[in-house]
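Here is the structure we will look at, set down as structure tokens.
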Amino acid sequence: MPNRVLHVMGMAVSIDIRADPPDLGTLEGAVARVGEWLEWVDGVFSTYKDGSDVSRIDRGELDVAGAAPEVAEVLALGERFRAATAGYFDVRAAGRLDPSGVVKGWAVERASALLAEAGFADHAVNAGGDIRARGRPEPGRRWRVGIAHPHVQGGLVAVAEVHEGAVATSGTAERGAHVVDPHTGRAALELASVTVVGAELVSTDVFATAALAMGAGAPAWLAGLEGYEAFVVGADMGTWQTPGFPLAP
């Protein structure tokens with residue numbers, strides 16, 4: 001059961017492939033293509049690299065039309081999600097262009113597709129705790145995804161089980177209070193974490209971030225999201241979940 005870790009986009013990206021026995025030549029080629037893809041994404045979209053398309057657009061040195069075509073695609077997704085979340089997710093919320101909240105899920109979706117196209121139907125890609133899973137880890141089993149405990153380093157507050165889909169968590173466990181309510185400009189502190197399960201990682205990741213920014217209003221909003229399930233941990237460590245959230249027994 002090969003596992004590869006790539007260090008790219010400022011995080012560790014773990015690739016867990018279940019193939020018995022694996023074709024190592026095909027495997028290494030697929031992982032290399034995933035690495036090349038993620039490096040390209042980082043070079044175009046990074047807000048930390050002065051020469052990236054996104055950084056140049058933010059400084060007014062480059063028009064979107066002159067950037068890589070994928071930039072317009074990602075910014076269109078950002079606008080779509082801004083509308084879908086009543087502005088709680090906004091790629092320009094901090095006064096500068098930062099589509100990172102869309103880019104990670106979008107890039108990982110493509111990475112997962114590359115692995116599937118190479119013949120590895122059963123795999124999971126974990127990008128900084130947000131996961132896109134396909135197939136099964138073993139016959140009759142689902143992928144188990146731990147939800148980090150917001151106040152206990154290395155601890156888990158719950159475990160989700162998924163077959164085909166995505167799991168994304170936004171919270172304070174790894175990066176502290178890093179999510180800001182775009183409407184007030186203040187750090188989102190009413191919730192400790194929000195985990196969302198959905199069919200694909202782009203919207204799943206965005207909705208987890210938006211819900212954390214919403215604070216106390218998040219459960220009502222999450223309950224109305226068709227096709228998604230959610231698990232919320234409050235600042236007081238009280239929990240709430242949608243009826244269909246796939247908690248492991």
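See the values below:
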| item | result |
| --- | --- |
| Expected-Rg normalisation [2.2 N^0.38 Å, Cα atoms] applied to the chain | 1.00 |
| Dipole in debye (nearest 20) - the chain, about Cα centre, beta carbon charges: Lys, Arg +1; Asp, Glu -1 | 360 debye |
| ³J(HN,Hα), Karplus 6.51/-1.76/1.60, whole Hz, each residue of the range 231-240, x for Gly, Pro | 10, 10, 10, x, 4, 8, 6, x, 10, 8 |
| Residues in the range 216-246 reached by a label modelled at Glu161 [backbone nitrogen below 20 Å; 7 Å Cα→Cβ] | 228-232, 241-246 |
| Taking Val5, Val44 and counting other C-beta atoms within 10 Å, the order from fewest to most | Val5, Val44 |
| In Hz, Karplus ³J(HN,Hα) per residue of the range 135-148 (6.51, -1.76, 1.60; θ = phi - 60°; x = Gly, Pro) | x, 9, x, 8, x, x, 10, 9, 5, 9, 10, x, 9, 4 |
| Amide hydrogen neighbours beyond the local backbone of Val180, cut-off 5 Å, H modeled | Ala188 |
| Anisotropy class of the range 105-249 from Cα gyration tensor, a/c 1.5 cut | prolate |
| Cα-only Debye scattering, the range 1-79: base-10 log of I(q)/I(0) at q = 0.11, 0.12, 0.25, 0.27 Å⁻¹ | -0.41, -0.47, -1.12, -1.23 |
| Dipole moment magnitude, nearest 20 debye, the range 34-125 about Cα centre, only Lys, Arg, Asp, Glu C-beta charged | 340 debye |
| Paramagnetic reach from Arg96 in the range 37-78 [backbone N under 19 Å; point 7 Å along Cα→Cβ] | 42-64, 75 |
| The chain: most fluctuating residue of Thr209, Thr169, Thr47 per GNM, C-alpha cutoff 10 Å | Thr47 |
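None of the figures in this text is laboratory data; all of them are computed from the coordinates on show. Bear in mind that the values here come from a model prediction, so they are computed numbers and not experimental data. FYI the Cβ positions are ideal-geometry reconstructions off the backbone, even for glycines, and counts take in every protein chain you see.
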